[in-house]
1. Taking the mean number of other Cβ atoms within 10 Å as a proxy for protection, how do you rank 113-121, 89-97 from highest to lowest?
2. When Lys and Arg each count +1 and Asp and Glu each count -1, what net charge do the other residues less than 13 Å away from residue 157, Cβ to Cβ, add up to?
3. What is the sum of charges around residue 118, taking Lys and Arg as +1, Asp and Glu as -1, for the other residues whose C-beta is under 11 Å from the C-beta of residue 118?
4. Looking at the stretch 136-169, which trypsin sites (Lys or Arg not before Pro) are in a loop (DSSP not H, G, I, E or B) and have at most 16 other Cβ atoms within 10 Å?
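Since every read-out is calculated from the coordinates, none of them should be taken as a lab result. In this text, all values refer to a predicted model and were calculated from it rather than measured experimentally. Positions of Cβ are generated from backbone atoms using ideal geometry, with glycine treated the same way; all protein chains shown enter the neighbour counts.
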Amino acid sequence: MFADYSPRIPLRLILVTIFGVFVSLASASNSDLGPRLEQQLPLVPDVQKEVGFDPHFLEERGLRESRETVHFISDCMHVASEPGHYVYKSPSNDQTACGVYFLTDPDRLVELHFTSFDVPCDRGGLVSFVDGWELNGEVFPSAADHPLSLDERLSEFCERRVRKVFLSSQNAALIQYKIPQKGRGFSVMVRFPKNPNPCNILVDSLSDLFTLRNYGRRVNCTLSAMYPAVVRVIALGVGIGSPRGANREMETGTVHQCDKRGLQDHVQIGGSDGLDSTNLLLLDSICGVNSKPEGIENVMGCGVTSVRLVSSGLFDNSVTVAVRPATENDIIDANLICGV
């Protein structure tokens, strides 16, 4: 997102690294996720000195967090799933642009509160907040799936001109930064407040059930898993039948290829090599009312697996799916392969 830097972050490296992180977690339990994704350091005197903290830094700002919630950012690509205080201090005058990728539960948002900020504009210093994730030049959620424009989702700042609090629209957010002056940096407090109406979801769990719902709105909602995955539809109530506000009592079963039938409300199942859901390679689009689908597993041999609920606003749509990482044996019989 940096105007004077292209690519803004070594995105191909980040993409490969993040895929590696998620794939390597395939045999880990959910309880292992936090320690595997990020480095945590206690706020001991040595760290205080290194970061440049005043001893009463947290207390003066009313941020009375436990010692375990202070995280020192040391990697250029840092994926974080824990709330708490995150601190970065530039170790050199390097011009490299880096990123902190925040990811939380599907029903939560990412709230960032900059508690200190020292990034001079001279020499090209810059920090940006992105409402979502950016990888390889593609953004999640895509422009077609987000209520705000790309310009509205991006805030860039340097010197001390920084809005205190930023709030994402989904469970993913990003801080990009380029700080080519040793000793300069920032600290940010991270919270994950509840999202009463989750729509777009970036998946970080290994195997789980997820529900996409439009709440009667004319919106598109996308679930994206950043690995080849197996998708199974658990329950379907999309379009066809009673309009919004009426009870659906008659089951129609699952209707396939709904987009080709000209039905506006449908669920797209497919994959892609990047985060932009508009580049989705489509396996099927389904609609109808089916409380007990056939249980067919769809195997996506793609870097990103997506389920996208497209809604006209005429129906209160919802779809529940089970998603798990695809094994080597699954990929052999994949229903969809990207990049071939």
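1. 113-121, 89-97
2. Net of charged neighbours comes to +2.
3. +2
4. Filter output for the stretch 136-169: 160, 161, 163, 164.
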